[in-house]
Every structure is written in structure tokens, then in C-alpha cells.
Amino acid sequence: MALSGKLIGYVEISKKGDVFHDLFRHNPNEIATISPDKIHACELLDGDRGAVGSLVHWHYSIDGKKKSDKAVIEAVNEENHMIVFNAVGGDLVDDKFKTMKVILHTEKKGDAQLITLTLEFEKLNTSVPYPTSFMDWYCNLLKDIDAHGKTE
């Protein structure tokens, strides 16, 4: 069994990609208002909000358990609304993974607008499961954000 891996998920969205990009890059603390059952807070620990090299601290719940992780914004691309977070401390990298990168970007597929979510990781050992529950949780978070503010 390989220790390194990559999972890719796609979420069709109705909002424009810049809405997600701006939210995750410049206003991640607002996600706690949009989806408080998943995200509890996001604090800027170092650097300028949204800038490459900034350190953010995420507080969240997954599978009924409160967690927190620190992540550095590793890369940003305005053209395709991409942001890369590299986890540097916390529950993910301390307990299960040597490395964990979360890459979000938007793209057009025909008439649809998609967010592509990529998890690149290296597990601590072969007994650590692939982060499929984290992928499912993240995709559901993106759906919550997309549904926010819609009237049926």
C-alpha cells in the first residue's frame, strides 16, 4: 500500500468561482457563519490575509469531533481561482499524515461551473486510511457555501 496519494473531487456550483476563491482566500472566517456545523472559526496567525505565506488556523468538526489545523497559503492563482493550503500542524498532520495539501480551483466543464478539490497527502504509515471522509466533508462544505443565500 502506498503512503503517498491524491484524491480529487468535483462539486458543481451555481455561484461564480471568484466567490469561493475570495471567501477562502480573503474571508475564511465568514465560512463559520455559512456552515457553523463544519467550520467554527478561522484565525490569521501570521502574515497578511490571503497572501502567499500566510498562516491560518482552522477550527472545525468532522465526524462529530472537534479538530483544528494550521495551514500556510502556499500558492494563489487569480486566473483560475486557485488556492493551495499546506497543513503544517494540527490534527491532520500530527495524527495521520506527514503532509496534506488542499487545492481548490474552479473551472468550466461545458455549461457547468465546477470546483475541483484535490487532496495531496503522505500518510504516516500503512494503517492510516485514505482521507475519504475528509474529502466528503470538504465537498459537503463547498455545497453548503454554494447553497448559502439561495432562495428556493
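The values are calculated or read from the model by the stated rules, or taken from the named source; none is laboratory data. Just so it is clear, the structure is predicted and the values come from calculations on it, not from any experiment. We place every Cβ from the backbone using ideal geometry, glycine too, and count neighbours over all the protein chains shown. Keep in mind that these areas ignore ligands, DNA and RNA; they rest on the heavy atoms of the full protein, side chains included. Shrake-Rupley method; radii C 1.70, N 1.55, O 1.52, S 1.80 Å.
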>> To the nearest 20 Debye, how big is the dipole of the chain about its Cα centre, given +1 on the beta carbon of each Lys and Arg and -1 on that of each Asp and Glu?
In response: 300 debye
> LYS16: which lysines have alpha carbons under 28 Å from its alpha carbon, excluding same-chain residues fewer than 8 sequence positions away?
Replying inline: LYS6, LYS38, LYS70, LYS101, LYS108, LYS109, LYS143, LYS150
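Based on the Cβ-Cβ distance from SER4 to ASP46, what FRET efficiency comes out when R0 is 25 Å, to the nearest 0.05? Present the calculation step by step, with values, prior to reporting the outcome.
Values: r = 28 Å, r/R0 = 1.11.
Taking R0 as 25 Å, the efficiency between SER4 and ASP46 is 0.35.
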>> In Å², and per residue, what accessible area does the chain have when probed at 1.4 Å with the other protein chains present?
In response: 52 Å²
>> Of PHE121, VAL88, PRO131, which is farthest towards the positive pole of the range 83-152's charge dipole, taken about the Cα centre with +1 and -1 on the beta-carbons of Lys, Arg and Asp, Glu respectively?
In response: PHE121
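Please compute the volume of the convex hull spanned by the alpha-carbon atoms of the range 71-152 and report it per residue in Å³.
Details: hull volume 10.1 nm³, N = 82.
Measuring per residue, one finds 123 Å³ for the Cα hull of the range 71-152.
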> Could you give the semi-axes, largest first, of the ellipsoid that matches the range 26-79, computed as the square roots of 5 times the alpha carbon gyration tensor eigenvalues and rounded to whole Å?
Replying inline: 21, 12, 10
> Which net charge results when you count Lys and Arg as +1 and Asp and Glu as -1 among the other residues whose beta-carbon is under 11 Å from that of ASN86?
Replying inline: -1
> Hey, what angle do you get for helix 17-26 against the long axis of the chain, alpha-carbon based, 0 to 90 degrees rounded to 10?
Replying inline: 50 degrees
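Based on alpha-carbon positions alone, could you give the equivalent ellipsoid semi-axes of the chain from the gyration tensor, as √(5λ), descending, whole Å?
Those come to 23, 18, 16 Å.
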> For the chain, which whole-number percentage of the solvent-accessible area (1.4 Å probe, protein heavy atoms only) is attributable to carbon and sulfur atoms?
Replying inline: 48 percent
> Which stretch or stretches of the range 1-42 have amide N atoms under 18 Å from the point lying 7 Å from GLU79's Cα along the Cα→Cβ direction?
Replying inline: 17-18, 21
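Treating the beta-carbon of each Lys and Arg as +1 and of each Asp and Glu as -1, no other charges, what is the dipole magnitude of the range 82-140 about its Cα centre, to the nearest 20 debye?
Values: 6 positive and 8 negative charges, 27 e Å.
Here the range 82-140 has a charge dipole of around 120 debye.
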